[in-house]
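What follows draws every value from the coordinates through simple rules; no lab data is involved. Computed from a prediction, not measured in an experiment: that's the story for all the values here. Here the Cβ is made from the backbone with ideal geometry for all residues, glycine too, and neighbour counts use every protein chain on show.
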Amino acid sequence: MPEPEPAQCPFEKRFPSQLARDDSFYMSLAYNQAIDAWREDEVPIGAVIVIGGEVVGAAHNRVEGAADPTAHAEMLALTQAASRLGDWRIEGATVYVTKEPCPMCSGAMVMSRVKRVCYAVPDPKMGCLGGAANLNELARSNHRFEVTAGGVLEDECRELIQAFFRLKRADPDAG
Ligand SMILES: [Zn+2]
């Protein structure tokens with residue numbers, strides 16, 4: 001028996017207008033990263049990091065393929081941005097991510113001193129920027145970043161993640 005094909009991604013990438021470089025534009029790029037994740041049979045979450053209008057990091061979840069629990073989209077994008085800047089302080093950066101960051105990624109955002117985080121889908125279970133907890137409000141930390149919680153392509157990003165798990169559950173060969 002040949003290996004069963006992973007469930008095909010039924011969603012298409014977005015082609016946002018290049019004219020409006022707004023939150024929705026950059027979240028569309030993060031969404032497209034999430035589509036790439038799905039095409040590799042990874043949970044579809046994507047992240048893009050922007051400084052002064054320029055994309056300095058773009059990645060998707062690779063936990064399964066890399067067999068690495070730290071290979072979340074945000075972690076990979078933060079590493080790319082720091083490497084590009086030659087500095088662990090990613091100052092002035094806005095992180096766009098399709099789902100609210102987990103404890104690890106929220107912590108990494110605190111440690112890297114980003115300026116702003118914009119996430120699409122709140123996560124009351126594991127989200128640590130307001131959903132389940134808030135690492136941006138550590139009482140003695142003097143670094144705070146701006147957070148935009150939901151509202152930017154929220155429905156689209158949620159539908160992508162929910163559809164992925166729906167199809168996984170429907171596939172008896174899926175883990
Ligand atoms: Zn994470």
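Quick look at the numbers
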item	result
Proximal lysines to Lys125, defined as alpha-carbon separation beneath 22 angstrom and excluding residues fewer than eight positions away on the same chain	Lys99, Lys168
D_trans [Stokes-Einstein, Kirkwood Rh over alpha-carbon pairs] for region 1-87, 25 °C, 0.890 mPa s, µm² s⁻¹	178 µm²/s
Size descriptor, Kirkwood hydrodynamic radius, that averages inverse alpha-carbon separations across region 35-175, Å	15.3 Å
Residue order, fewest to most beta carbons within 10 Å, for Glu137, Glu156, Glu40, Glu12	Glu12, Glu137, Glu40, Glu156
Residue-averaged 222 nm ellipticity for the chain, from DSSP H runs of 4+ at -39500 (n - 2.57), nearest 500	-10500 deg cm²/dmol
Among beta bridges that DSSP assigns inside the chain, antiparallel share in %, nearest 5	55 percent
Assigned charges on the beta-carbon of Lys, Arg, Asp, Glu; the chain dipole about Cα centre (debye)	620 debye
Residue-count net charge about Ser112 - beta-carbon cut-off 15 Å; Lys, Arg +1, Asp, Glu -1	+2
For region 119-162: rounded, prolate or oblate by the Cα gyration tensor [a/c cutoff 1.5]	oblate
Separation in nanometres of the label points that stand 7 Å from Cα toward Cβ, at Ala170 and Arg39	2.2 nm
Compactness index (Cα Rg / 2.2 N^0.38 Å), region 58-100	1.19
Counted charge near Met75, where neighbours are those whose Cβ lies closer than 14 Å (Asp, Glu -1; Lys, Arg +1)	-1
